[in-house]
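Below: the structure, in structure tokens.
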Amino acid sequence: MRLAILTDLHANREALEACLAHAGRQRADQYAFLGDLVGYGADPGWVVDTVMEHVARGALAVQGNHDYAATHAERPGMHPEALQALEWTRARFSPEQKAFLARLPLMQQYGDALLVHASAWRPEKWEYVTGPEQAARSLGATASRLVFSGHVHVTALYRRADDGRMGSHVPAADSCIVLDPRYRYLAIVGAAGQPRDADNAACYALFDDATRELCFYRVPYDHGAAARKVIAVGLPLVFAMRLIERI
């Protein structure tokens, strides 16, 4: 089974369309969406409907902090511009879309892999996995050999040996790695809808559970069109600039 893993879509229709088309060409059999379907972008309804359609066909999806904040009164550690975008987003949900986001689980199992938006360690706290310490904490919270997550908007791969030693590296664009069964791994697949690593191209990953090959892809898309939509609907300018500036 070839699993396409997408996260941090952030209401970016153009990026999601490009990633899904690319995954189709890579013969993806199954899809997983690791949260933050909404927030920042101009097409929350279309993105949520698209993920709902995939879930109806058997795809997996978990809840991100923006999905939670868009459907609950609590706002977990959000800056003012993000809160403004969430208020705009909330006003555009249908009851079905809101219910779908609100009931998404924090984690899902896929074979020996765990799917989570942020960290398997207290996933409701939305801890950022930004280094080996946080990666070890996430891996230590589950018996799964492999954890897939997002939340930090950059790609990374962490490896843990049985004696607890951690290793890490940043996977190159369009590179594939065969995961060694002697190790446990935490893979951050990057952001489809709003990358933050000086590359405008959308990110996603493809995992083959038979060969244990994990591929990290970058997919060019019309980020200018996505940015213009953000400006046109009146969302904070910073969210458009993040799509077009190489920061």
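The values are calculated or read from the model by the stated rules, or taken from the named source; none is laboratory data. In this text, all values refer to a predicted model and were calculated from it rather than measured experimentally. All Cβ positions, even for glycine, are placed from backbone atoms using ideal geometry, and neighbour counts span all protein chains on display.
Are there any pairs, at least 6 apart or on different chains, whose C-beta atoms fall under 7 Å, with the first in region 149-160 and closer than 13 Å to Ala202 by Cα and the second crowded, with 23+ Cβ neighbours inside 10 Å and aromatic (Phe, Trp, Tyr), and if so, which?
What qualifies is Thr155/Phe216.
Looking at region 167-202 only, could you name the residues that are assigned to a strand (DSSP E or B) and basic (Lys, Arg)?
Arg184
I'm checking my understanding of the structure. Among residues of region 231-247 that are in contact with a Phe, Trp or Tyr (Cβ under 8 Å, 6 or more places away or on another chain) and within 16 Å of Ala91 (Cβ to Cβ), which one is surrounded by the fewest Cβ atoms within 10 Å (Cβ to Cβ)?
Taking the candidates together, the pick is Gly234.
Please go through region 57-85 and pick out each residue that is surrounded by 13 or more Cβ atoms within 10 Å (Cβ to Cβ) and in a helix (DSSP H, G or I).
Asn65, His66, Asp67, Tyr68, Ala69, Ala70, Thr71, Glu81, Ala82, Leu83, Gln84, Ala85
For region 174-198, which residues satisfy the criterion of being of a type in the set (A, V, I, L, M, F, W, C) and modelled with pLDDT under 95?
Result: Ala198, single match.
Just the residues that are surrounded by 12 or more Cβ atoms within 10 Å (Cβ to Cβ), assigned to a loop (DSSP other than H, G, I, E, B) and among the basic types (Lys, Arg), please, taken from region 86-104.
Within region 86-104, just Arg92 meets the criteria.
Tally up the residues in region 120-144 that are within 18 Å of the chain's Cα centre (by Cα), in contact (Cβ under 8 Å) with a residue 24 or more places away in the chain, surrounded by 17 or more Cβ atoms within 10 Å (Cβ to Cβ) and assigned to a loop (DSSP other than H, G, I, E, B), please.
Result for region 120-144: 3.
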